[in-house]
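The structure under discussion appears below in the form of structure tokens.
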Amino acid sequence: MLTSIEGKSVIVTGASKGIGKGIARVFAGKGAKVLAVARNKEAGNEAVEELKAAGGTAAYFQGDVSSWESMQAMARTAVDSHGGIDILCVNAGIFPTASLVEMSPEAWDEVLAINLKGTFLSVKACLPHLPRDGSGRIVLTSSITGPITGSPGWTHYGASKAGQLGFLRTAAIELAPHKITINAVMPGNIATEGAEDLGPDFHGKMVESIPLKKLGSVEDIAYAALFFASGEAGYITGQTLVIDGGQVLPESLGAIL
Ligand code: NAP
């Protein structure tokens, strides 16, 4: 049983859908005050209403992680509404596909602006508000794709997700004197709204390559994030946790078919 996060102020970016919504649900279910961030107002409000209906404390902030002004306003809103920022979950991300031949420079820039620069901007905006007493936590959602594996159509995405880990390692050293930890979850293939858009064929192939023979759930990622956010994880920083049903393990696909 981990130390309670009851009453902690938590920001979750990309909380209107998928993994972020799962993180928000698990953290709110444990008594945290959640600020759910996403661009689409309707989906964001809907997610927050669900959290409140389940007895949680939550508010919506319409924010874009690729905008510095928006991230500063997000941090101010958390401080004003929830009395501070204890935990930041940097989760917002996009994963459009395009082969290198087809990829436009604009498509590359958009993925990097949201997934990588968005990581920097959300951390930078929240940093002045995170506690310096050993309880301040940052949890990034990276991926296996990029840091460990490759997948056709995702050169920009893989670069952004590997880039997050480069950011993580130096940030961990810089934040250590402030007793703030920063770690990353690295999901494999998780059943989310965004992943659904990749189509049933894609998922069928992925399931075949996963030793545990199923996609992950958003809760699988949320509980790993909860561990990094806990008091018990206070001596862990700059680290990553793969949550992928064993997908990166096989030396040969034939070995598990
Ligand atoms: P999803 O279902 O598409 O949800 C993405 C969330 O991010 C939505 O709430 C979306 O809301 C928000 N978002 C996107 N761009 C944003 C921006 N510029 N500013 C603020 N919010 C933004 O995606 P998911 O599958 O849950 O993925 C979440 C994270 O997990 C991503 O970082 C992704 O790379 C990572 N991941 C996912 C998988 C997987 O299999 N699903 C695997 C590995 C890693 P709006 O569009 O309304 O802003």
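The values are calculated or read from the model by the stated rules, or taken from the named source; none is laboratory data. Everything quoted here is computed from the prediction, not taken from an experiment. Positions of Cβ are backbone-derived with ideal geometry, glycine not excepted, and every protein chain shown enters the neighbour counts. We work out accessible area using only protein heavy atoms, side chains counted, and drop any ligands, DNA or RNA first. Shrake-Rupley method; radii C 1.70, N 1.55, O 1.52, S 1.80 Å.
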Global form of the stretch 1-129, assessed from the alpha-carbon gyration tensor, a/c cut-off 1.5: prolate
Cα-projected label distance for Ala191 with Glu50, points at 7 Å along beta-carbon direction, nm: 1.4 nm
FRET E, pair Thr3, Val101, Förster distance 45 Å, beta-carbon r, rounded to 0.05: 0.30
Peptides ranked, highest mean first, by Cβ atoms within 10 Å: ranges 168-181, 197-210: 168-181, 197-210
Rounded to whole Å, sorted largest first: equivalent-ellipsoid semi-axes of the stretch 45-119, Cα gyration tensor: 30, 16, 9
Lysine pairs in the chain with Cα atoms under 15 Å, if 8 or more residues apart or on separate chains: 12
Range of Cα positions in the chain per principal axis (Å), largest first: 52, 42, 40
Amide hydrogen neighbours beyond the local backbone of Val242, cut-off 5 Å, H modeled: Met186
Volume in Å³ per residue [convex hull over Cα atoms, computed for the stretch 143-218]: 112 Å³
Share of Cα-Cα pairs in the stretch 1-46 lying beyond 14 Å, as whole percent: 45 percent
Inter-label distance for Ile94 and Glu232, nm, one decimal - labels placed 7 Å from Cα along Cα-to-Cβ: 3.8 nm
Solvent-accessible surface (1.4 angstrom probe) belonging to Ser252, in square angstrom, nearest 10: 60 Å²
Pairs of Cα atoms farther than 23 Å apart, the stretch 94-205, %: 36 percent
Helical mean residue ellipticity (222 nm; -39500 (n - 2.57) per DSSP H run of 4+; nearest 500) of the chain: -12000 deg cm²/dmol
Axial C-alpha extent at least 20 Å, average Kyte-Doolittle at least -0.5 - helices from the chain (DSSP): 155-175
Solvent-accessible area per residue, Å², over the chain with all protein chains present [probe radius 1.4 Å]: 46 Å²
The stretch 68-202 - percent relative contact order, Cα under 8 Å, separation 6 or more: 28 percent
Separation in nanometres of the label points that stand 7 Å from Cα toward Cβ, at Ser67 and Ser252: 5.3 nm
